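The values are calculated or read from the model by the stated rules, or taken from the named source; none is laboratory data. These figures come from a predicted structure and were not determined experimentally. Here Cβ is always computed from backbone atoms with ideal geometry, including for glycine, and neighbour counts include all displayed protein chains. Calculation scope for accessible area: heavy atoms of the full protein, side chains included, ligands and nucleic acids excluded. Shrake-Rupley method; radii C 1.70, N 1.55, O 1.52, S 1.80 Å.
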Amino acid sequence: GGSGADRGSELVGDEAYFATDLYQGTADYYDRYRLGYPAPLLDHLIAATGPSGRGSLLDLACGTGQLAFPLGRHFAQTWAVDQEPDMIDTVRAKAAAAGLANVRPVVSSVETLDAQPGSFELAVVGNAFHRFQRDLAARRIRQWLIPGGHLALCWSYSPWAGAEDWQRTLAAILNRWQRELGAEDRTPADPAEVRQRRPDVEVLSAAGFEIVGRGSFDVEHRWSVADLAGHVRSTSFLSPAVLGARAAEFDADLAAGLRPHDDGGGVFTETVGFAYDLARKPA
């Protein structure tokens, strides 16, 4: 191991390439501190795609199952796929604890996944499509779907991306720590820039998908400093491996920096935007 940490990531042509072991050691934090997709979004997605109840769901870059588990009850089988073995270990444990025999945990990237054409009614990708080789991924997913099947690219906005005072302060603290720990190169400088130049829906159209539309849902969430510190540890850029021996120092700095900006009682309120783009394989 070790090569991933210094190999980092690079921008090649139109695509951002990410090192494959960026989330190592984050699974427990990911499971506890990532916000779940809101029920209205999930209900809207199911209504828009109309699964038969007999089909299969494919969750790519599934993390610890933020989409696989709530959506899976509408399908006879769910493939939960992630290239991080830690994430898949967590999915496997959660499936076992819930007595779900129809969840198939798979350690694989989207680019190397072995699946049969026409296998899935719905494929979902949560907060991860920008990490794929997008054109290749879109073509492969289209093959794996049944005719008339759907692909939903789902995402949420991060707490450091907003315009509130506490969010700007959080972003500045995270940037400073990335610089101090030499972690700026772990992810491409601005994946959003790649997506602005060529949005995901353009990639999907080029791969032969029909674009159905977008669903957007806002949810108010109240964070504590401890929750924010846990959420940061679920990221690829300030993971437990990156923070290392300075984790306690980071937590103290985060708490001190944010303290002047709370709503009282150590609470930080965010309107979290969740959304999905929906595309359909022509029937």
* **Pairwise FRET efficiency - A96 versus E184, Cβ, R0 = 35 Å, nearest 0.05** => 0.35
* Asked: Rounded to the nearest 10 Å², what accessible area does H74 show when all protein chains are kept and the probe is 1.4 Å?
  -> 50
* Would you mind checking the range 119-139 for residues with the amide N under 17 Å from a putative spin-label position 7 Å along Cα→C-beta of A275? => 125-131
* Structure fact -> Computed over the range 231-283, protein heavy atoms only, probe 1.4 angstrom, the accessible area per residue in square angstrom equals 38
* Express in nm, to one decimal, how much length is gained between A245 and D135 on full extension, taking 0.36 nm for each residue of separation and deducting their alpha carbon distance. => 35.7 nm
* Have a look at the DSSP beta bridges in the chain and tell me what percent are antiparallel, nearest 5. => 55
* Accessible surface of the chain [probe 1.4 Å, protein heavy atoms]: carbon and sulfur percent -> 48
* Among all stretches of the chain without exposed GluC sites (Glu not before Pro) (DSSP loop, at most 16 other Cβ atoms within 10 Å), which one is longest? -> 165-283
* **Rounded accessible area of S109 (nearest 10 Å², 1.4 Å probe)** => 20
* Asked: When each pair of different Cα atoms in the chain is counted once in the 1/r mean, what is the Kirkwood radius in angstroms, to one decimal?
  -> 19.6
* Relative contact order for the range 78-158 using alpha-carbon pairs under 8 Å, separation at least 6, rounded to a whole percent? -> 30
* Structure fact -> The alpha-carbon center of the range 139-174 and that of the range 233-262 are separated, in whole Å, by 22
* **Linear extension gain, Q143 paired with V212, 0.36 nm per residue minus alpha-carbon span** => 23.0 nm
* Estimated distance in nm for a label pair at R222 and R197, the labels positioned 7 Å out from Cα along Cα-to-Cβ -> 4.4
* Could you state the angle between the C-alpha long axis of helix 247-258 and the longest principal axis of the C-alpha atoms of the chain, as a value from 0 to 90 degrees rounded to the nearest 10? => 80
* To do: Considering Cα pairs under 8 angstrom that are at least six residues apart, work out the relative contact order of the chain and quote it in whole percent.
  => 25
